[in-house]
Each structure stands twice: as structure tokens, then as C-alpha cells.
Amino acid sequence: MSSSSKPHYEADPAKVRYEKENNRWTFKPRDFNIIWGNDKRYWNLPEPHRDDTLPAELVQVCWFEVTGRTGVVCITPGKYKIKFEVSKKQDAFGWNSPVYMIAKSGKKGRYSWKKIDVSTEVSTTDKKELPQDFEIEVRADTDDNTIYFGLYEVWSGKWKGGLKIHGATVEGPPPQP
């Protein structure tokens, strides 16, 4: 077990990078909440304040949950594209059950989801952005305009490992001049 008393890793949403000119958030591995992320038996996270190009590496879990949320910047109404950048290690295992990308706008928002087949869509040689066509609608009539999103495989109870999470992006409509 790691030196942390909490087994789950919790990110600081204020540290997520936001590019105002592109209306885009960029998430690095330590910008996600990761279930079992503080336990070295299950995840290898890059060291804090070090090279943020290193991925979070899944050792093994049967409850796969990696989530993020847009930070302090208020989002504007419109369609937002969400993508994770992932790859697999040569010895990856257990990805025969689908992974789900799930997202919503605001805590009370409606969930949107997409099924992803990691066994065929992710290679062991290259990083891949998944899913290619996932969007959610942010409406103007909400008082909580945070986007919550994540990758989940929590239903099969099967052990899986060898996935690398390199990052994610949330990109909205271009800002109005």
C-alpha cells in the first residue's frame, strides 16, 4: 500500500489546464480522480511535480473508474467534445468487457454514454483518442455548468490491467469575440 491513508486518488480541479482562446481543458494523469489510484498494487501514477508526459498505468483492478471535471472556469452553452488518450501495454489483460465513457453537464444533468471496446480499439504500439465522436450538450438553463466525465468498467467484476491513461481533453465551441 502507498504511504497515503486514502486508497483513492483525488485530483485538484483547479490545476486542470484551460486554454481560453480554444475553449479547451487539457487533463494530465494527475488531473483525474482514480479509484484505487493511491495504491501501488493497482496503479502506477507519475510522481507529482515531475514529468507530466508520463501516463498513469493500470496494474490491475476489477473496479475501473477514472473521472475528471472541468475546473474553475465557467463553461458556455454549446456542444463539448470529450476524448481520452490511452494505450495498452504488451501484457494488457481483461479488456474483453466494454468500457463506458459517461459524461454529464452539472451534477443534476442527464448522462450521455458511449460503449468502447478497448480490446480492438486500443493498440499496444500507439496512443489512441477515445471515443472519436463523443459530445455532450451544455444548456444555458443550468446553474451548475461543470462537465463531469469518466471511463468506467465496474460491472463485470473481472480483473483487468495494462491500460495507460495519457490524458484527456474537453473542447467546447469557439469563444465569441
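The values are calculated or read from the model by the stated rules, or taken from the named source; none is laboratory data. Fair warning: this is a prediction, and the values are worked out from it, not measured in the lab. Note that each Cβ is placed from the backbone with ideal geometry, even for glycine, and that neighbours are counted across all protein chains shown. To get the accessible areas, we keep the full protein, side chains included, count just its heavy atoms, and leave off ligands, DNA and RNA. Shrake-Rupley method; radii C 1.70, N 1.55, O 1.52, S 1.80 Å.
Things to note:
- This model, with +1 at the C-beta of Lys and Arg and -1 at the C-beta of Asp and Glu, gives the range 1-90 a dipole about its Cα centre of some 220 debye.
- Average 1/r across all pairs of distinct alpha carbons in the chain, invert it, and you get the Kirkwood radius: 16.6 Å.
- Accessible-area composition of the chain, carbon plus sulfur, in percent [1.4 Å probe]: 49 percent
- Summed residue charge, Cβ within 15 Å of THR142's Cβ, Lys/Arg positive, Asp/Glu negative: +3
- Charge tally in the Cβ shell below 11 Å around PHE27, where Lys, Arg are +1 and Asp, Glu are -1, PHE27 excluded: +4
- Spatial offset of the range 73-89 relative to the range 134-177 amounts to 5 Å, using the alpha carbon center of each.
- Per residue solvent-accessible surface (Å²) - the range 117-177, probe of 1.4 Å: 54 Å²
- Sorted on the mean count of surrounding Cβ atoms within 10 Å across their residues, most packed first, peptides 39-48, 123-132 read 39-48, 123-132.
- Listed cross-link partners LYS20/LYS158; LYS20/LYS160; LYS88/LYS108; LYS20/LYS89; LYS104/LYS160 are compared with a 32 Å cut-off, the Cα-Cα value being larger for LYS20/LYS158; LYS20/LYS160; LYS88/LYS108; LYS20/LYS89.
- Label-to-label distance, TYR111 versus ASN44, with points set 7 angstrom from Cα along the beta-carbon direction: 3.2 nm.
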